[in-house]
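The values are calculated or read from the model by the stated rules, or taken from the named source; none is laboratory data. All values reported here derive from a predicted model rather than from experimental measurement. When we count neighbours, we look across all protein chains shown, and the Cβ atoms used for this are built from the backbone with ideal geometry, even at glycine.
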Amino acid sequence: MIRIEDVFVAYGSPSRAVLAGIDLEIAEGEFVCVLGQTGCGKSTLLRLILGSERPMRGRILVDGHEHRQPDRTRGYVPQKYSLFPDKTVLDNITFGPEVSEFGLWGRLTPAFFRRRKHLREQAYDYLRRIGLRESDATKYPDQLSGGMQQRVAIAQALMTNPRVLLMDEAFSALDPGTRRGMQDLVRELWAATGTTILFVTHNTDEALRMGTRIVVLGKEGPDQGSRIALDYAVPEPRREEDIPHLTRELETTAGALGRSTSAKS
(Lines give C-alpha, C1' and ligand atoms only; values in the text may rest on other atoms or scores of the structure.)
Protein backbone atom coordinates (compact mmCIF):
# COMPACT_ATOMS: atom_id res chain seq x y z
CA MET A 1 0.00 0.00 0.00
CA ILE A 2 2.74 2.46 1.06
CA ARG A 3 6.39 2.09 0.15
CA ILE A 4 9.02 4.51 1.51
CA GLU A 5 12.41 4.16 -0.15
CA ASP A 6 15.64 5.71 1.23
CA VAL A 7 13.92 8.98 2.17
CA PHE A 8 16.12 11.88 3.27
CA VAL A 9 14.83 15.28 4.45
CA ALA A 10 16.74 18.28 5.79
CA TYR A 11 15.65 21.77 6.80
CA GLY A 12 17.29 25.13 7.41
CA SER A 13 20.49 26.91 6.49
CA PRO A 14 22.91 25.46 7.29
CA SER A 15 21.04 22.28 6.43
CA ARG A 16 19.98 20.04 9.33
CA ALA A 17 18.94 16.45 8.61
CA VAL A 18 15.53 15.41 9.96
CA LEU A 19 15.02 12.01 8.28
CA ALA A 20 17.98 10.05 6.96
CA GLY A 21 17.52 6.86 4.99
CA ILE A 22 13.96 5.87 5.94
CA ASP A 23 12.86 2.56 4.37
CA LEU A 24 9.40 1.28 5.25
CA GLU A 25 6.61 -0.81 3.75
CA ILE A 26 3.03 -0.66 5.04
CA ALA A 27 0.40 -3.15 3.94
CA GLU A 28 -3.20 -2.24 3.23
CA GLY A 29 -5.34 -2.31 6.38
CA GLU A 30 -2.46 -1.96 8.85
CA PHE A 31 -2.76 0.39 11.83
CA VAL A 32 0.75 1.76 12.26
CA CYS A 33 1.64 3.99 15.22
CA VAL A 34 4.77 6.13 14.81
CA LEU A 35 6.63 6.85 18.04
CA GLY A 36 9.64 9.01 18.79
CA GLN A 37 10.89 12.01 20.74
CA THR A 38 9.92 15.57 19.83
CA GLY A 39 11.81 16.73 16.74
CA CYS A 40 12.60 13.26 15.40
CA GLY A 41 10.57 13.76 12.19
CA LYS A 42 7.28 11.98 12.94
CA SER A 43 5.10 14.78 11.57
CA THR A 44 7.45 15.27 8.62
CA LEU A 45 6.99 11.62 7.68
CA LEU A 46 3.21 12.07 7.68
CA ARG A 47 3.40 15.20 5.51
CA LEU A 48 5.58 13.34 3.02
CA ILE A 49 2.99 10.54 2.72
CA LEU A 50 0.22 13.15 2.47
CA GLY A 51 2.05 14.79 -0.45
CA SER A 52 2.26 18.26 1.10
CA GLU A 53 6.08 17.94 1.24
CA ARG A 54 8.65 16.26 -0.99
CA PRO A 55 11.80 14.39 0.14
CA MET A 56 15.21 15.71 -0.89
CA ARG A 57 16.20 12.15 -1.72
CA GLY A 58 14.29 8.92 -2.15
CA ARG A 59 10.62 8.47 -2.97
CA ILE A 60 7.26 7.57 -1.45
CA LEU A 61 4.79 5.40 -3.34
CA VAL A 62 1.10 5.00 -2.45
CA ASP A 63 -0.54 2.25 -4.51
CA GLY A 64 2.58 2.25 -6.69
CA HIS A 65 2.45 5.96 -7.54
CA GLU A 66 4.22 9.08 -6.33
CA HIS A 67 1.78 11.83 -5.31
CA ARG A 68 2.88 15.43 -5.77
CA GLN A 69 0.08 16.93 -3.68
CA PRO A 70 -2.67 15.89 -1.22
CA ASP A 71 -5.77 14.26 -2.67
CA ARG A 72 -8.82 12.27 -1.59
CA THR A 73 -6.86 9.00 -1.28
CA ARG A 74 -5.26 10.27 1.94
CA GLY A 75 -7.24 11.80 4.79
CA TYR A 76 -5.44 13.96 7.33
CA VAL A 77 -6.31 14.80 10.96
CA PRO A 78 -3.83 17.34 12.43
CA GLN A 79 -3.05 17.96 16.09
CA LYS A 80 -4.91 21.27 16.00
CA TYR A 81 -8.51 21.12 14.87
CA SER A 82 -8.95 21.82 11.16
CA LEU A 83 -12.60 22.89 11.28
CA PHE A 84 -13.91 25.99 9.53
CA PRO A 85 -15.18 28.30 12.31
CA ASP A 86 -17.86 29.89 10.08
CA LYS A 87 -19.41 26.57 9.01
CA THR A 88 -21.74 24.28 10.93
CA VAL A 89 -20.73 20.76 11.89
CA LEU A 90 -22.69 19.37 8.94
CA ASP A 91 -21.13 21.80 6.47
CA ASN A 92 -17.65 21.08 7.82
CA ILE A 93 -18.11 17.35 7.25
CA THR A 94 -19.49 17.67 3.70
CA PHE A 95 -17.28 20.54 2.51
CA GLY A 96 -14.36 18.39 1.24
CA PRO A 97 -16.28 16.08 -1.12
CA GLU A 98 -18.54 18.93 -2.29
CA VAL A 99 -15.59 21.06 -3.40
CA SER A 100 -13.54 18.19 -4.85
CA GLU A 101 -16.47 16.84 -6.88
CA PHE A 102 -18.04 20.09 -8.07
CA GLY A 103 -15.57 22.94 -7.61
CA LEU A 104 -16.90 26.45 -7.08
CA TRP A 105 -19.19 26.96 -10.07
CA GLY A 106 -20.46 23.39 -10.19
CA ARG A 107 -22.17 23.95 -6.86
CA LEU A 108 -24.88 25.96 -8.67
CA THR A 109 -26.07 23.01 -10.79
CA PRO A 110 -29.05 20.67 -10.12
CA ALA A 111 -26.62 17.73 -9.98
CA PHE A 112 -24.88 19.35 -7.03
CA PHE A 113 -28.05 19.60 -4.97
CA ARG A 114 -28.89 15.94 -5.66
CA ARG A 115 -25.39 14.89 -4.63
CA ARG A 116 -25.48 17.22 -1.63
CA LYS A 117 -28.55 15.42 -0.29
CA HIS A 118 -26.68 12.09 -0.46
CA LEU A 119 -23.56 13.57 1.19
CA ARG A 120 -25.62 14.96 4.04
CA GLU A 121 -27.16 11.54 4.63
CA GLN A 122 -23.63 10.14 4.85
CA ALA A 123 -22.61 12.96 7.20
CA TYR A 124 -25.50 12.21 9.58
CA ASP A 125 -24.42 8.56 9.56
CA TYR A 126 -20.89 9.58 10.56
CA LEU A 127 -22.30 11.84 13.29
CA ARG A 128 -24.01 8.84 14.82
CA ARG A 129 -20.91 6.66 14.45
CA ILE A 130 -18.66 9.19 16.19
CA GLY A 131 -21.09 9.53 19.08
CA LEU A 132 -22.69 12.92 18.35
CA ARG A 133 -26.39 13.71 18.09
CA GLU A 134 -28.21 14.92 14.98
CA SER A 135 -28.94 18.15 16.84
CA ASP A 136 -25.16 18.81 16.90
CA ALA A 137 -25.18 19.11 13.10
CA THR A 138 -26.34 22.74 13.19
CA LYS A 139 -23.80 23.84 15.81
CA TYR A 140 -20.61 25.77 15.07
CA PRO A 141 -17.14 24.61 16.24
CA ASP A 142 -16.98 27.15 19.09
CA GLN A 143 -20.13 25.56 20.54
CA LEU A 144 -18.42 22.17 20.85
CA SER A 145 -16.00 20.76 23.41
CA GLY A 146 -12.46 19.81 22.35
CA GLY A 147 -13.36 16.13 22.18
CA MET A 148 -16.44 16.84 20.07
CA GLN A 149 -14.41 19.02 17.67
CA GLN A 150 -11.87 16.24 17.23
CA ARG A 151 -14.65 13.76 16.49
CA VAL A 152 -15.94 16.09 13.78
CA ALA A 153 -12.39 16.42 12.35
CA ILE A 154 -12.20 12.62 12.08
CA ALA A 155 -15.61 12.45 10.37
CA GLN A 156 -14.44 15.24 8.05
CA ALA A 157 -11.42 13.15 7.02
CA LEU A 158 -13.41 9.91 6.64
CA MET A 159 -16.08 11.53 4.41
CA THR A 160 -13.71 11.36 1.44
CA ASN A 161 -13.40 7.56 1.88
CA PRO A 162 -9.59 7.72 2.02
CA ARG A 163 -7.47 4.65 1.40
CA VAL A 164 -5.06 6.03 4.01
CA LEU A 165 -5.87 8.05 7.16
CA LEU A 166 -2.99 10.10 8.61
CA MET A 167 -3.38 11.30 12.21
CA ASP A 168 -0.78 13.63 13.72
CA GLU A 169 -0.90 13.56 17.55
CA ALA A 170 -4.64 14.02 17.15
CA PHE A 171 -5.48 13.40 20.83
CA SER A 172 -2.63 15.19 22.59
CA ALA A 173 -4.76 18.17 23.69
CA LEU A 174 -7.58 16.05 25.13
CA ASP A 175 -8.17 15.17 28.78
CA PRO A 176 -7.42 11.52 29.73
CA GLY A 177 -11.06 10.37 29.79
CA THR A 178 -11.90 11.90 26.41
CA ARG A 179 -8.63 10.62 24.99
CA ARG A 180 -9.40 7.02 25.97
CA GLY A 181 -12.84 7.30 24.38
CA MET A 182 -11.31 8.64 21.15
CA GLN A 183 -8.78 5.79 21.09
CA ASP A 184 -11.61 3.26 21.29
CA LEU A 185 -13.60 5.15 18.62
CA VAL A 186 -10.77 5.19 16.08
CA ARG A 187 -10.06 1.49 16.67
CA GLU A 188 -13.73 0.72 16.05
CA LEU A 189 -13.83 2.82 12.87
CA TRP A 190 -10.62 1.16 11.64
CA ALA A 191 -12.06 -2.31 12.28
CA ALA A 192 -15.28 -1.36 10.46
CA THR A 193 -13.73 0.34 7.41
CA GLY A 194 -10.38 -1.44 6.91
CA THR A 195 -8.72 1.95 6.29
CA THR A 196 -4.92 1.97 6.48
CA ILE A 197 -4.01 4.26 9.40
CA LEU A 198 -0.75 5.97 10.35
CA PHE A 199 -1.03 7.51 13.80
CA VAL A 200 1.74 9.73 15.16
CA THR A 201 2.06 9.86 18.95
CA HIS A 202 4.72 10.25 21.63
CA ASN A 203 2.67 8.11 24.05
CA THR A 204 3.77 4.45 24.20
CA ASP A 205 0.65 3.36 26.08
CA GLU A 206 -1.57 4.93 23.40
CA ALA A 207 0.38 3.28 20.59
CA LEU A 208 0.02 -0.14 22.21
CA ARG A 209 -3.72 0.30 22.74
CA MET A 210 -4.38 1.36 19.15
CA GLY A 211 -1.87 0.00 16.66
CA THR A 212 -1.20 -3.38 15.09
CA ARG A 213 2.38 -2.26 14.53
CA ILE A 214 4.66 0.36 16.10
CA VAL A 215 7.50 2.10 14.27
CA VAL A 216 9.95 3.98 16.48
CA LEU A 217 12.07 6.78 14.97
CA GLY A 218 15.39 7.57 16.61
CA LYS A 219 18.53 9.59 15.90
CA GLU A 220 21.98 8.01 15.78
CA GLY A 221 23.55 11.29 16.94
CA PRO A 222 22.53 14.85 17.87
CA ASP A 223 23.31 16.24 14.40
CA GLN A 224 22.01 13.29 12.39
CA GLY A 225 18.60 12.59 10.93
CA SER A 226 16.27 9.96 12.31
CA ARG A 227 16.15 6.38 11.16
CA ILE A 228 13.85 3.51 12.10
CA ALA A 229 15.13 2.33 15.47
CA LEU A 230 12.47 -0.34 16.01
CA ASP A 231 9.66 -1.97 14.01
CA TYR A 232 7.43 -3.81 16.50
CA ALA A 233 4.41 -6.02 15.81
CA VAL A 234 1.89 -5.58 18.64
CA PRO A 235 0.87 -8.97 20.09
CA GLU A 236 -2.74 -10.02 19.54
CA PRO A 237 -5.02 -10.42 21.30
CA ARG A 238 -3.99 -7.64 23.67
CA ARG A 239 -5.65 -7.42 27.06
CA GLU A 240 -5.96 -4.39 29.31
CA GLU A 241 -3.79 -6.04 31.96
CA ASP A 242 -1.04 -6.66 29.36
CA ILE A 243 -0.60 -2.96 28.44
CA PRO A 244 1.69 -1.90 31.37
CA HIS A 245 4.02 -4.88 30.77
CA LEU A 246 4.11 -4.28 27.01
CA THR A 247 4.79 -0.57 27.60
CA ARG A 248 7.81 -1.33 29.81
CA GLU A 249 9.08 -3.93 27.34
CA LEU A 250 8.79 -1.61 24.36
CA GLU A 251 10.34 1.41 26.11
CA THR A 252 13.22 -0.72 27.41
CA THR A 253 13.93 -2.15 23.95
CA ALA A 254 13.71 1.24 22.24
CA GLY A 255 15.92 2.80 24.92
CA ALA A 256 18.55 0.08 24.53
CA LEU A 257 18.60 0.56 20.77
CA GLY A 258 18.97 4.32 21.23
CA ARG A 259 21.93 3.89 23.57
CA SER A 260 23.52 1.41 21.14
CA THR A 261 23.29 3.70 18.12
CA SER A 262 24.54 6.68 20.14
CA ALA A 263 27.59 4.69 21.22
CA LYS A 264 28.36 3.75 17.62
CA SER A 265 28.17 7.35 16.47
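Numbers below:
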read-out	value
Checking Ser82 against (1) touching a Phe, Trp or Tyr at 6+ places or on another chain (Cβ under 9 Å); (2) of a type in the set (Ser, Thr, Tyr); (3) more than 20 Å from Leu189 (Cα to Cα), the condition it does not meet	(3)
Scan of segment 64-85 for residues that are modelled with pLDDT of 90 or more and charged (D, E, K, R), ordered by number	Glu66, Arg74
Single condition Gln79 does not satisfy, out of (1) within 18 Å of Arg163 (Cα to Cα); (2) part of a loop (DSSP other than H, G, I, E, B)	(1)
The listed residue being within 14 Å of the chain's Cα centre (by Cα) and under 25 Å from Asn203 (Cβ atoms), out of Val7, Val34	Val34
When residues of segment 193-207 are limited to those that are part of a helix (DSSP H, G or I) and touching a residue at least 60 places away in the same chain (Cβ under 8 Å), the one farthest from Tyr126 (Cα to Cα)	Thr204
Failed item in (1) among the hydroxyl-bearing types (Ser, Thr, Tyr); (2) surrounded by fewer than 17 Cβ atoms within 10 Å (Cβ to Cβ); (3) without any contact (Cβ under 8 Å) to a residue 40 or more places away in the chain, with Ser172 passing the rest	(3)
Counted residues, segment 3-23 - those being farther than 25 Å from Phe171 by Cα, assigned to a strand (DSSP E or B) and not β-branched (Val, Ile, Thr)	11
Given (1) modelled with pLDDT of 95 or more; (2) surrounded by 16 or more Cβ atoms within 10 Å (Cβ to Cβ), index of the condition Gly51 fails	(1)
Candidate set from segment 98-144 (those that are of a type in the set (Ser, Thr, Tyr) and modelled with pLDDT of 90 or more); member that is surrounded by the fewest Cβ atoms within 10 Å (Cβ to Cβ)	Ser135
Candidate set from segment 202-246 (those that are touching a Gly at 6+ places or on another chain (Cβ under 9 Å) and under 23 Å from Gly177 (Cα atoms)); member that is surrounded by the most Cβ atoms within 10 Å (Cβ to Cβ)	Thr212
Selection from segment 145-168 of residues that are out of contact with any Phe, Trp or Tyr (no Cβ under 7 Å at 6 or more places or on another chain) and not in a helix (DSSP H, G or I)	Ser145, Thr160, Asn161, Pro162, Arg163, Val164, Leu165, Asp168
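Residues checked against (1) in a loop (DSSP other than H, G, I, E, B); (2) surrounded by 14 or more Cβ atoms within 10 Å (Cβ to Cβ); (3) in contact with a Lys or Arg (Cβ under 8 Å, 6 or more places away or on another chain); (4) not hydrophobic (A, V, I, L, M, F, W, C):
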residue	(1), (2), (3), (4)
Glu28	yes, no, yes, yes
Cys33	no, yes, yes, no
Thr38	yes, no, no, yes
Leu46	no, yes, no, no
Arg59	no, no, no, yes
Gly75	no, yes, no, yes
